[in-house]
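Below is one structure; the comments refer to it alone.
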Amino acid sequence: MSSSSFDPNHFSFEEVAQELRHVLPAQAPLKDFIHHNTLHAFQSFHFQDGIRMASRRFGYRVLLPLKEYRNAYATGRINRDILIRVVGQQKGLDYVSNWMECMVNKNYETPEPPRIGSLRGLWKHHYKIDLDSLVHPILFRVLCNYLDQGISVWNFPYKDMGFLKAMRQLELDSTVSLFRSKRGRELFMNPETTADDLLFLLIGRSEKYAQYLFDQQFAHQGWSGMVAAIQLQPGTLLDRRAITLEEVIFFELVLEVDALEYMLGNEWKALDVRLLDKVPNLFEETPISELEETLYLWHLAYEWSYYDTVLGGVHTPNPALREQRDHSFQAIFCIDDRECSLRRYLENEDPNCYTYGSPGFFGVEFYFKPVDGKFTTKLCPAPVNPKFLIYEVSTDAKRKRDLHLDKHANSLHSGWLISQTLGFWSALKLAINVFNPKFQPGAASSFGHMSKQAQLQIERKGNEKEGDLLLGFSPEEMAVRVETTLRSIGLVNHFAPLVYIIGHGASSTNNPHYAAYDCGACSGRAGSVNARVFCAMANHTVVRALLEKNGIVIPEATQFVGALHDTTRDEIEFFDENDLSTDCELKHQKNVNVFHVALMKNARERSRRFNNVHSESNLEEVHKNVKRRSITLFEPRPELNHATNATCIVGRRDLTSHLFLDRRAFMNSFDYRVDPEGNYLFPILRAVAPVCGGINLEYFFSRVDNQKLGAGSKLPHNVMGLFAVANGIDGDLRPGLPSQMIEIHEPVRLLVVVEHFEDVVLRTIQRDNATYEWFKNDWVKLAAVHPETRDVSVFNNGEFQCYSPSYIPMAVDNVDSFILNYSDNIPVLKIA
Amino acid sequence: MANHFLAAFILIPLFGFAFTLAIPKHNEKAIAWTSFGSVLVNFLLALFFAVNWMFQGSNAIDERDLLLYSSDNYAFFIDFYWDKISLIFFIIGSFLVLLVTRYSQYYMHREAGYKRFFNTLLFFYAGYSIAVLSGNIETLFIGWEFLGVSSFLLIAFYRDRYLPIKNAVKVFSIYRVGDVGVILAMWLSHHLWGENVTFAQLADSSGVSHALSEHSLVGVCIAIAILVTASAKSAQFPFTSWLPRAMEGPTPSSAIFYGSLSVHLGVFLLLRTFPLWESQSTARILIAVVGLTTALVAGGIARVQSSIKAQIAYGSAAQIGLIFIELALGWTNVALFHFAGNAFLRTYQLLVSPSTVSYLIREQFFDFQPSVKTIEYYLPKRIASTFYMLGIREFFLDEALYRFFWHPFKVIGRKLNFLTGFRLILLIVVMITIPVLNHFFNQNVSQSVMHAFSFGLAFLAVLMVLKSFTERRQVFEAWWLVVSNHVAVSIAISLNENYSMSHNWIYLSGIALGGIIGYMVLRKLKQRAGNINLDRFHGYVKYYPKMAMVFFFCCLALSGFPITPTFVGEDLIFGHIHENQVGLAIMVSLSFIMDGLALIRIFARVFLGPSVRSVYESSYRSS
């Protein structure tokens, strides 16, 4: 745990709350679902130490179970040579056989239980008082009602007040008390009561307070984490609430005193000192156990068995360089791993096209306000705070209503009418949807983010502002952004007549986690607006003139076209096609066909993972089935999102255009020749580490401990207040990813492969401490590929070391035979 | 039409159930298609049958199918009945089960309990069909028991988490109350008609009014027993709070159970027994009061619910309250219509409930108003705040159930600590010896003394099962106490009245079988797993699934589930309690409630819940 001021032995309520905010799950409300490292609080430690601390303290499982590694070894997923090498490197060559024996054969005892909960658990074990059952249902209900964004028919009466103030007001006005005892109510209503007072009543010894509060808050880490997240970014709730973790802790402490008073009368005392002393200290360091070492060795071998194939792949020369060709069109995609295969198919259909990857907001950061929107939506990576606002001026989009999702069906009087009228209609609707799914008004659709016909106000007239935000961009501001993006991906000359900027989004039905499927670089929204805005900028004559001054000459005939790729449906929508010149229009029509075929083939490749789609049927049929998944009520896996992601390639397309990477790679284009000093590489890596690394680690930890770090199965989930899901009605919130999203994921840390000289890469990552921490502490792995020789070196303990991959990718003419025959991961292949 | 056509509607899902049991658990396709196929066939046959029936003049059909036991003045038989009410409940139920089966076929893909889910769903469907097609209370009771068990299994579907198990036990206990209502109604109607009356006979109003006119008090009691059962099953006041808590299983199972079918069975029971209480104004007023109270309370709670499933659950309970009122007013057709609409609506609402996030967030984005004025805005502040607080606390319904229902049992059970199991059994032996010796030496002991003895024994039997229910550690003691409870009950009844011992043997056969096998399973488990004390959940089903299944069947046998003759025996035993022995009847039925609870508690504690083996493999208690 990182914050330096926190010292568990000298209790300060504010510091403990601060530390808790840091350690609790940091997931924002569902509509802003953004992937992050689940164990970010431990990132200041080396990966191995960080995950061990998290595991010992909170009982998380942080690596796969021993059985799974042994099984992977038996099936050949873990390579024996690599295993021996890894053990040798970690433990010394002399000890390899000893460790191998432990790893393969030794039986280990169940590890000792985690320490979290042991102090507060004294109430249950020694006093037979189950505080959780007495306190949680009330606490959760009150919190959910206070924070509710629109499920309840009758809103919380004092929602504009801060949490405690609102609760006190409600308590004051109501003739029925929330509390079970007089003392509980008095303590709550007395403004003089402090958390320290309550802790004194419950525990008595201040050096144990911090541990008690950790026990208390980690007994419902979902709710506490949500409160902390809302406190840190209040704007994440459209209907804002002023709540702090401190208030919630205080409230819970009162509820605990109240529960004890109710169960034991006024006879009870603080926890017994003799018992307190027996409880192990939560914050104490613990030595590493042999089982933990064994698991970590297994895991390294598991990862390196994969890394070696990727490094072996990029080490292999590319026989058919695409760079030099005369390009028919260029297409810039998001770096998202889901675009990896579509780019391969495009290049396959049109050997003269060239594709790039850049974070899906395309370097244009702004808030977006649709027609009639009461709020704005941030369309750029979450940590960025834009100064610009883009207005949607007009649209042809119409919102469809669905009375079944309307809460009035649940009230008494309108419910009486609705159940006798609409009720019968729902029988029909259900029957239709079960046998022949149709698009629902409740569905999330990527194309619904912005209509194709919508008009945007992109250019600012004068210095118009709304609040602090500038209304649109000036040509100078546009030119800076366009230049930065183009330079960072290495597209500075040889422009094709058409350059496509392709954002992405996803569509799903009946899916509370819909935002997790959209573009992370656009804060969990579709990238359509960004793509259009970027194109409008790049097509702007003033902007072009400014670019020309800086040495980027875009031919006049070249036009940028924005588009949106729906990754669930494998459909594409192009924007502003009417603005195309006749010549470009003709070329575009040809390209549209190329896209069409590539998308169908992409859908077929994805379908190999889906149980109920027959990949062998004809392309149209497969595509139709894939599309249907996005509108089916009963499909918990509309697409598989980032599952299986494992690597991130930062370099020219020709570094990997001859490889089959099985949709497991994020791909950020970068040309070392344009950027010898690493000035453009720096922002790329600064974004790659938290964005791709964050996605990767969220999948990692949700996969290894789906119950505590993930959301468990989504099938029983219940929507709470529109901001989270829980199991049943009394459960804790479930942050993290549901099992349906991670079940095919292989937990390997992200391997970032950068095509540049190692000294430049080293200097680049050291420019910024936060970025360097990711690499130094091994939360993502880093390798550099020599741009000229394709020699590989791996970053380890602060330096690059030469690495000679043992893997030589198998050359295949056509990957179809693999795609149609395997549903598991396919190794890196060389496409001949 | 063939004579046993109605029985086919039960046999088809039962066969489907048996088939799916035999399919290996990874063969999802075969499991799903067998389930879907059997429901589809049943649904189509039902449609065909219904149309045909309407063309033939819509005369109610009574079908006596299987005689299970008969003696001189007593016959226990399976009977099916078909009229407008069965038709509507059966067709709508089959239609919804059909849709949900199809829905779940894909939705449940790769879920660990795929097979278990479809097994339970078919089992539920069979139980539902038995209940809605039943032609007498005995048959209805069989369906009732099926529903209780399948409901427990579906709520506890995620059996390695704490809350589903806790809530499954809670719901089961409420259902158990309902079961006893049926048993008491059965007992009373035996005495009212002197035989096992069929619904067809009930429909003959002259017979009913004749019987009722002679025993009006019995009539009221029957009506109350039925009302309690219907209220428990349909989540009416004061039982309402179990309904949202039952939403722990996968969404489609919540939709079909607690959204639509299971929860409307109280309505069905009232419709079915309508001729019985139609002429009793007391009963009608009571039904209306329960309905109205529920409509207001549940409707009020629904308004402040901020989780979607809880809101739908309370919304639905409130509508069922209105249906109760409609029934009390005698508007049976309106009630049937309302039932259909509510069942369809809630099923669909629950199935699309995950969509609320994307839909309502979008609505909020475009239509947000900082403060929406609901009707409460016009109430005085003090009243509004009070109602809001009551809404949050669910009108203390859940706490009241705990305080007035569970807690007293626990308190009494713990007060009995001085009575060790051994002393209790000793006491009973003494109690038995006295009258038996009397019996041998002096034939002329007065009837009332015998009755007092039998009441005393039944009371001790209740104490035994209470002890079992509150036992914190010794699992074997808890188990044997339940078995002894049954023995004590049967002896108590045989002291009460001289009758053929064969009734006792029928009653005790299943008990003995279940008791002994169950004991063996527990002993074997203790050898293998070590600690099986009752002070916590152990989750052994994960490691010993076969033992768990066998033990579950033993529990069923011991609780009088219709898989052993004990089920018939239970009814027989009750038949020997006289009409005026209300105390004895209450003691024996308390035994039955508590038996079920004690058994399900033993099963849940030993086999379900988070695994004791490693915390690292289970979820948090609160999740």
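The values are calculated or read from the model by the stated rules, or taken from the named source; none is laboratory data. Note that this is a predicted model, so its numbers are computed, not measured. No Cβ is skipped: glycine too gets one built from the backbone with ideal geometry, and neighbour counts run over all protein chains shown.
Annotations for the structure displayed:
- Test for residue A:689: is it over 19 Å from residue B:155 (Cβ atoms) and within 13 Å of another protein chain (Cβ to nearest Cβ): no
- Residue list for segment A:231-270, restricted to those being under 29 Å from the mean Cα position of the chain (by Cα), part of a helix (DSSP H, G or I) and over 22 Å from residue A:210 (Cβ atoms): A:234, A:235, A:236
- One residue from B:289, B:263, B:267 being in the same structural domain as residue B:108 (by TED's automatic domain parsing), without any contact (Cβ under 8 Å) to a residue 24 or more places away in the chain and more than 28 Å from residue B:372 (Cα to Cα): B:289
- Taken over segment A:415-442, the criterion of being surrounded by fewer than 16 Cβ atoms within 10 Å (Cβ to Cβ) and either over 38 Å from the mean Cα position of the chain (by Cα) or farther than 24 Å from residue B:103 by Cα (or both) is satisfied by A:417, A:421, A:424.
- Yes/no for residue A:187 being in a helix (DSSP H, G or I), within 39 Å of the chain's Cα centre (by Cα), of a type outside the set (Ser, Thr, Tyr) and farther than 21 Å from residue A:733 by Cα: no
- Hey, residue A:644 among the hydroxyl-bearing types (Ser, Thr, Tyr), within 15 Å of the chain's Cα centre (by Cα) and either more than 28 Å from residue B:360 (Cβ to Cβ) or not assigned by TED's automatic domain parsing to the domain that holds residue A:512 (or both) or not: yes
- Condition met for residue A:466 (over 26 Å from residue A:680 (Cβ atoms) and within 26 Å of the chain's Cα centre (by Cα)): no
- Residue match in segment B:381-388 (condition: facing chain A (nearest Cβ under 10 Å), farther than 28 Å from residue A:514 by Cα and touching a residue at least 40 places away in the same chain (Cβ under 8 Å)): yes
- Verdict on residue A:429 being among the charged types (D, E, K, R), modelled with pLDDT of 90 or more and out of contact with any Ser or Thr (no Cβ under 9 Å at 6 or more places or on another chain): no
- Within segment A:305-328, if we keep just the residues that are of a type in the set (A, V, I, L, M, F, W, C) and buried (at least 24 other Cβ atoms within 10 Å of the Cβ), the residue that is farthest from residue A:825 (Cα to Cα) turns out to be A:314.
- Exactly one residue among B:409, B:366 is in contact with a Pro (Cβ under 9 Å, 6 or more places away or on another chain) and modelled with pLDDT of 80 or more, and that residue is B:366.
- Summed over segment A:112-139, residues that are assigned to a helix (DSSP H, G or I) and either of a type in the set (A, V, I, L, M, F, W, C) or farther than 19 Å from residue A:257 by Cβ (or both) total 8.
- Residue selection: residue B:303 satisfies the criterion of being within 11 Å of chain A (Cβ to nearest Cβ) and not small (Gly, Ala, Ser).
- Breaking point among (1) part of a helix (DSSP H, G or I); (2) buried (at least 23 other Cβ atoms within 10 Å of the Cβ); (3) in the same structural domain as residue A:554 (by TED's automatic domain parsing), for residue A:348: (2)
- Hits in segment A:432-459 - residues which are touching a Ser or Thr at 6+ places or on another chain (Cβ under 7 Å) and without any contact (Cβ under 8 Å) to a residue 60 or more places away in the chain: A:451, A:453
- Test: residue in segment A:373-385 that is surrounded by fewer than 18 Cβ atoms within 10 Å (Cβ to Cβ), modelled with pLDDT under 90, outside any helix (DSSP H, G or I) and within 14 Å of another protein chain (Cβ to nearest Cβ): no
- Boolean, residue B:189 is over 18 Å from the mean Cα position of the chain (by Cα), among the small types (Gly, Ala, Ser) and assigned to a helix (DSSP H, G or I): yes
- Which numbered condition residue A:181 misses (of (1) in contact (Cβ under 8 Å) with a residue 60 or more places away in the chain; (2) more than 14 Å from every other protein chain (Cβ to nearest Cβ); (3) farther than 30 Å from residue A:524 by Cβ): (2)
- Filtering A:511, A:530, A:550, A:593 for residues that are surrounded by fewer than 24 Cβ atoms within 10 Å (Cβ to Cβ), more than 17 Å from residue A:328 (Cβ to Cβ) and not acidic (Asp, Glu) leaves a single hit, A:550.
- Of note, residue A:101 satisfies the criterion of being over 30 Å from the mean Cα position of the chain (by Cα) and either part of a helix (DSSP H, G or I) or buried (at least 22 other Cβ atoms within 10 Å of the Cβ) (or both).
- Criterion (closer than 20 Å to residue A:197 by Cβ, surrounded by fewer than 21 Cβ atoms within 10 Å (Cβ to Cβ) and not β-branched (Val, Ile, Thr)) met by exactly one of A:259, A:270, A:242: A:270
- Filter result (among the hydrophobic types (A, V, I, L, M, F, W, C) and buried (at least 21 other Cβ atoms within 10 Å of the Cβ)) within segment A:14-32: A:16, A:17, A:20, A:23, A:24, A:28, A:30
- Any chance residue B:236 is more than 24 Å from the chain's Cα centre (by Cα), over 30 Å from residue A:633 (Cβ atoms) and either more than 13 Å from chain A (Cβ to nearest Cβ) or modelled with pLDDT of 95 or more (or both): no
- Set B:359, B:348, B:378: member being under 28 Å from residue A:148 (Cα atoms), hydroxyl-bearing (Ser, Thr, Tyr) and more than 7 Å from every other protein chain (Cβ to nearest Cβ): B:378
- Highlighted here are the helices (runs of 4 or more DSSP H) found entirely within segment A:745-832 that include at least 3 residues which are buried (at least 16 other Cβ atoms within 10 Å of the Cβ) and not aromatic (Phe, Trp, Tyr): A:758-765, A:769-776.
- Of everything in segment B:581-612 that is farther than 26 Å from residue B:522 by Cβ and touching a residue at least 60 places away in the same chain (Cβ under 8 Å), the residue that is surrounded by the most Cβ atoms within 10 Å (Cβ to Cβ) is B:588.
- Flag for residue A:364 being more than 14 Å from chain B (Cβ to nearest Cβ) and under 28 Å from the mean Cα position of the chain (by Cα): yes
- When we screen A:745, A:717 for residues that are within 14 Å of chain B (Cβ to nearest Cβ), of a type outside the set (Phe, Trp, Tyr), out of contact with any Leu (no Cβ under 8 Å at 6 or more places or on another chain) and over 24 Å from residue B:165 (Cα atoms), the only hit is A:745.
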